[in-house]
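J.: Sending over a structure as structure tokens; questions will come in a sec.
Read-outs throughout are calculated quantities, based only on the coordinates presented, and are distinct from any laboratory measurement. Computed from a predicted model, the values in this text were never measured in an experiment. Note: ideal-geometry Cβ built from the backbone for every residue, glycine included; neighbour counts use all protein chains shown.
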Amino acid sequence: AQSVTQLGSHVSVSEGALVLLRCNYSSSVPPYLFWYVQYPNQGLQLLLKYTTGATLVKGINGFEAEFKKSETSFHLTKPSAHMSDAAEYFCAVSDDRGSTLGRLYFGRGTQLTVWP
Amino acid sequence: DSGVTQTPKHLITATGQRVTLRCSPRSGDLSVYWYQQSLDQGLQFLIQYYNGEERAKGNILERFSAQQFPDLHSELNLSSLELGDSALYFCASSVKGAADTQYFGPGTRLTVL
């Protein structure tokens, strides 16, 4: 069964500093990988996803993530944090290959705080 | 705005009661997913429907059921409610399956007293 581990339930950075949110997964097949962001009292919004092709994926708001199969990781980075990045971030995995199957399995989330 | 709508936004009810949560997917999306978010369990996949048919089940209790109607909207029915069912319930939709982006609604916050 697939599982997702997000190291660090809380991460704090200063504005302008590098953001690094860690995600490791276990899957029996090469998975599809996703990062979602959740702002208070809102639903989840997709930041980026990896399905096939280039392992370095760029997303919205300056975020990017790299799929490293050998490390079973999909860490999320942003070179320079902004106050508006403060939110909860979720890593998710799906190893469904049927074209109409789409179960997502989520990590426990990382709360990002950005200090001025 | 993701294009996925959920009603109601908030629901307060008592133990033992039954409630229905409603979801309207984005135009053109055939798959609807239900997820539960709680402090204890985090975000958990409950069930997926594709074009009216149940496609996959996750950690969904037997007291819970869902369906997708011909117009593709979906309802999640929760019965014999317990205090532990208090959570945020999200609906998401996508065109088809795993490779497609799932767009999440704003959620329904259920409080069981």
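J.: Within chain A, which is the longest segment that contains none of the trypsin sites (Lys or Arg not before Pro) sitting in a DSSP loop with at most 15 other Cβ atoms within 10 Å?
T.: With trypsin sites (Lys or Arg not before Pro) excluded where exposed in loops, chain A gives A:1-68 as its longest stretch.
J.: Which lysines, on any chain, are close to A:Lys58 with Cα under 26 Å apart, when same-chain ones fewer than 8 places away are left out?
T.: Counting by Cα, and skipping residues close in sequence, A:Lys58 has these lysines nearby: A:Lys49, A:Lys68, A:Lys69, A:Lys78, B:Lys96.
J.: Moving to a separate point now. Pop a pseudo-label 7 angstrom from the Cα along the beta-carbon direction at both A:Leu7 and B:Thr20 and give the gap in nm to one decimal.
T.: Each label point is offset 7 Å from its Cα along the Cβ direction, giving 4.8 nm.
J.: Would you mind computing, in nm to one decimal, how far apart the modelled labels at A:Gln45 and B:Asp40 are, each placed 7 Å from Cα along Cα→Cβ?
T.: For A:Gln45 paired with B:Asp40, the spin-label model returns 3.2 nm.
J.: Mark the label point 7 Å from the Cα of A:Asn61 along Cα→Cβ and return the residues of region B:88-102 whose backbone N is within less than 18 Å of it.
T.: What the label zone holds, given the 18 Å backbone N cut-off, is B:102.
J.: Then there's this: Lysines within cross-link reach of B:Lys9: Cα-Cα under 25 Å, excluding same-chain residues under 8 positions apart?
T.: Candidates past the 8-residue exclusion: B:Lys57.
J.: Separate question: Write down, largest first, the equivalent ellipsoid semi-axes of chain A in whole Å, where each equals the square root of 5 times an eigenvalue of the alpha-carbon gyration tensor.
T.: On the way: eigenvalues 117, 41, 32 Å².
Each semi-axis is the square root of five times an eigenvalue, giving 24, 14, 13 Å.
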